[in-house]
Structure formats: structure tokens, C-alpha cells
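Data block below; observations after.
The values are calculated or read from the model by the stated rules, or taken from the named source; none is laboratory data. Just so it is clear, the model here is predicted, and its values are computed rather than measured. Cβ placement follows ideal geometry from the backbone for every residue including glycine, while neighbour counts extend to all protein chains displayed. Keep in mind that these areas ignore ligands, DNA and RNA; they rest on the heavy atoms of the full protein, side chains included. Shrake-Rupley method; radii C 1.70, N 1.55, O 1.52, S 1.80 Å.
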Amino acid sequence: MRAGRDATILALALMVPRAVQAAEQLKAEHDIDCEVVDVRSLVPLDTRTILGSVGRTHRLFTVEENPRLCGWGAEVVSIVADEAFYDLDGPPVRITTPHIPLPAADILEDLALPNVERIVERVRRSLGS
């Protein structure tokens with residue numbers, strides 16, 4: 001979705017536009033250039049694209065609507081750790097919902113899901129900017 005040099009952000013479904021917006025904000029406000037990859041499908045998982053991106057940027061962030069426990073980001077991080085560990089310059093970071101039941105009310109759901117501001121802050125802190 002967006003080329004970049006400093007970090008790879010993987011996102012799926014609703015999180016894709018939020019990740020793209022966060023990447024644009026990170027570039028404009030902090031000069032952090034993030035590549036955004038739309039995972040699109042988990043089966044089959046496009047590991048070639050994911051590993052290629054991590055090989056270029058050397059940092060990995062996943063943005064998912066799931067709670068941290070057993071989310072798709074954990075599986076992707078596992079694959080990257082197995083197949084591209086030495087390409088990483090820092091630990092992979094998973095940006096997820098808190099470990100709570102997802103609220104049914106739209107306004108509360110929006111508070112629980114990763115938003116642009118949370119993505120920006122987590123990437124910025126992790127990269128030390």
C-alpha cells in the first residue's frame with residue numbers, strides 16, 4: 001500500500017487505512033518512513049511479500065483488531081523470527097486491542113481498536129524518535 005524505508009507495518013481489513021494514515025503522519029511529523037503492507041488474506045499468507053519488506057526495512061509492526069492472545073500477528077511474528085531473524089534491527093511489535101471482550105457499542109469499540117494515534121505513538125516510541 002505504501003513504500004517506506006524505516007519500518008514495515010502489516011495490517012488487515014479495517015486496520016489498513018488506519019496504518020496508511022499513521023504512516024503518512026509518521027513521515028510528515030517525525031520523518032519516519034514506513035512501508036505498509038495489506039496482508040489481504042491469512043490463508044494463503046503472502047510470506048514472500050512480508051519477508052521481503054522486513055528485509056528492506058529491518059523493523060516489523062503488526063496492527064490487528066484482535067486481542068494480543070492468539071492473534072494473526074503472533075503467527076506472522078513467529079514466521080519472521082524463524083525466517084528473517086537476522087534481518088531485524090529490533091523486536092517485532094504487535095499493536096492490538098486490549099485483552100478485553102470487544103464492546104458491542106460502536107463508540108466503545110472504536111476506543112478499543114487500534115487507531116491512528118496509537119499506531120503513530122507505538123511506532124515512534126519503538127524507533128526512538
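If you go through region 71-91 and pick out every residue that is in contact (Cβ under 8 Å) with a residue 12 or more places away in the chain and among the aromatic types (Phe, Trp, Tyr), you end up with 1. Just one of the listed residues (Gly71, Gly55) is out of contact with any Cys (no Cβ under 6 Å at 6 or more places or on another chain) and more than 20 Å from Leu12 (Cβ to Cβ), and it is Gly55. Quick one: would you say Leu10 is open to solvent by less than 20 Å² (accessible area, probe 1.4 Å), modelled with pLDDT of 95 or more and in a strand (DSSP E or B)? When the stated conditions are applied, Leu10 passes them. Put simply, of Ala84, Ala19, Ala74 the only residue that is in contact with a Leu (Cβ under 7 Å, 6 or more places away or on another chain) and either at pLDDT 95 or above or of a type in the set (Gly, Ala, Ser) (or both) is Ala84.
If the condition is being in contact (Cβ under 8 Å) with a residue 60 or more places away in the chain and open to solvent by less than 80 Å² (accessible area, probe 1.4 Å), then region 100-123 contributes Leu113, Pro114, Asn115, Val116, Ile119, Val120, Val123.
On the stretch given as region 23-57, residues that are in contact (Cβ under 8 Å) with a residue 40 or more places away in the chain and either open to solvent by less than 70 Å² (accessible area, probe 1.4 Å) or on the phi > 0 side of the Ramachandran plot (or both) total 10. Candidates Arg68, Arg94: the one that is within 13 Å of the chain's Cα centre (by Cα), over 23 Å from Arg2 (Cβ atoms) and either touching a residue at least 24 places away in the same chain (Cβ under 8 Å) or surrounded by fewer than 16 Cβ atoms within 10 Å (Cβ to Cβ) (or both) is Arg68.
Here Ser126 clears all of (1) open to solvent by 50 Å² or more (accessible area, probe 1.4 Å); (2) in contact with a Lys or Arg (Cβ under 9 Å, 6 or more places away or on another chain); (3) closer than 15 Å to Cys34 by Cα; (4) not charged (D, E, K, R) except the condition numbered (1).
At pLDDT 95 or above, within 17 Å of Gln21 (Cα to Cα) and touching a strand residue (DSSP E or B) at 6+ places or on another chain (Cβ under 8 Å): which single residue out of Arg94, Arg122, Arg59 fits that description?
Just a single option satisfies the conditions, and that option is Arg122.
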